[in-house]
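Please treat every number below as a calculation from the coordinates, not as lab data. Source: prediction; values computed, not measured. When we count neighbours, we look across all protein chains shown, and the Cβ atoms used for this are built from the backbone with ideal geometry, even at glycine.
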Amino acid sequence: MLIYIDPGHGGLDGGACGNGIVEKYVNLLVASLTKNLLCDVYSIHAELTHLGQGFGGSPYSKKRDLDRRVTLANEAKADYFISIHTNSSTNPIANGTEIYIYGKGGKAEKLANSILKPLVRTMQTKNRGVRLGNFQVLRETKMPAVLVELAFLSNLDDAVKLVNPYFLERAAAGIAWGVNCYIKGIPSS
């Protein structure tokens, strides 16, 4: 069993910014904590797609960066791919946690649902559900893939959690628990 965990953005691509938060730093921390929990607590082999530097090259190319992440997981024949992000909106009221998948009815949807319940509980955020998304890391990976949006850095209440080490550790614990439950075939709630 091999799970690739992708810290969204990285390197020259900082992702969303707001309320004093730069997305790539939150993503990398939660992804690293999740990997450690999967490996050390649940004995599930997990790897990160990058350690913060990204793969965009010089001059930077977001497409080349995403291509490399997908290729890395595909060539490793990973069993699952989890991309971790922090959401943002022009509407400061938008808040909560959601997970994206590419298509309904498959293993990715089951994995997303298994992760979402404990993640929402541990983050103490609104459950925005499992949604369809046409993201490259979902569409082009050969294994079931999910894209986790932890919370909205553009919402003040969510942002307070995204800078709190306790909630970031709890987010990683929720994701890791959901993955463990899915793999072992037990309910995550």
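Report the residue, chosen from 60, 25, 80, that carries the largest GNM mean-square fluctuation when the chain is represented by alpha-carbon nodes joined by springs under 10 Å.
With Cα springs under 10 Å in the chain, the top fluctuation among 60, 25, 80 is at 60.
Starting from one equal scatterer on each C-alpha and no solvent at all, send me the Debye-based log10 I(q)/I(0) for the chain at q = 0.09, 0.16, 0.20 Å⁻¹, two decimals.
So the normalised log intensities are -0.27, -0.93, -1.51.
Which semi-axis lengths, in whole Å and largest first, follow from the square roots of five times the eigenvalues of the Cα gyration tensor of the stretch 89-131?
On the way: eigenvalues 85, 38, 5 Å².
Each semi-axis is √(5λ); the values are 21, 14, 5 Å.
Just to be sure I understand the curve: with the Debye formula and one point per C-alpha of the stretch 2-98, what is log10 I(q)/I(0) at q = 0.17 Å⁻¹?
-0.78
Which whole-Hz ³J(HN,Hα) couplings does the stretch 26-33 yield from phi under the Karplus relation 6.51 cos²θ - 1.76 cosθ + 1.60, θ = phi - 60°, glycine and proline marked x?
Going residue by residue, I get 5, 4, 5, 5, 5, 4, 5, 5 Hz, with x marking Gly and Pro.
Multiply the residue separation of residue 74 and residue 2 by 0.36 nm, subtract the distance between their alpha-carbon atoms, and state the gained length in nm to one decimal.
24.8 nm is the gain from fully extending residue 74 to residue 2.
Give a residue-ordered list of calculated ³J(HN,Hα) values for the stretch 79-88 (Karplus: 6.51 cos²θ - 1.76 cosθ + 1.60, θ = phi - 60°; whole Hz; x for Gly, Pro).
Per residue, the Karplus-derived 3J(HN,Hα) values read 7, 8, 10, 10, 9, 10, 9, 10, 7, 8 Hz.
Compute log10 of I(q)/I(0) for the stretch 4-56 with the Debye formula, placing one identical point scatterer on every Cα and leaving out solvent, at q = 0.19, 0.24 Å⁻¹, to two decimals.
-0.61, -0.83
What full-extension length gain, to one decimal in nm, is calculated for residue 90 and residue 39 as 0.36 nm per residue of separation minus the Cα-Cα distance?
Values: separation 51, 0.36 × 51 = 18.36 nm, distance 3.70 nm.
Here the segment from residue 90 to residue 39 would lengthen by 14.7 nm.
Grab the other residues whose beta carbon is less than 9 angstrom from that of residue 2, score K and R as +1, D and E as -1, and report the net.
Summing Lys/Arg as +1 and Asp/Glu as -1 gives -1.
With a Förster radius of 45 Å, plug the Cβ-Cβ distance of residue 53 and residue 104 into 1/(1 + (r/R0)^6) and report the FRET value to the nearest 0.05. The partial results should precede the final answer.
On the way: r = 34 Å, r/R0 = 0.76.
So, using R0 = 45 Å, E works out to roughly 0.85.
What number, in percent, do you get for the relative contact order of the chain if the mean sequence gap of Cα pairs under 8 Å and at least 6 apart is divided by its residue count? Mind dumping the intermediate values first?
Values: 418 pairs, mean separation 52.2, N = 189.
Averaging sequence separation for qualifying contacts and normalising by length gives 28 percent for the chain.
Under 12 Å from the Cβ of residue 23, count the other residues' Cβ atoms, weight Lys and Arg +1, Asp and Glu -1, and hand me the total.
Net charge in that neighbourhood comes out at -1.
Just to confirm a number: summing +1 for Lys and Arg and -1 for Asp and Glu over residues other than residue 52 whose beta-carbon lies under 15 angstrom from that of residue 52, what do you get?
On the way: positive: 24, 35, 68, 69; negative: 6, 13, 23, 47, 65.
Spelling it out: positives minus negatives among the neighbours equals -1.
Need the full-extension length gain, residue 64 to residue 163, defined as separation in residues times 0.36 nm minus the C-alpha distance. One decimal, nm. Don't jump to the answer; show the numbers that get you there.
Numbers: separation 99, 0.36 × 99 = 35.64 nm, distance 2.97 nm.
So the chain would gain 32.7 nm between residue 64 and residue 163.
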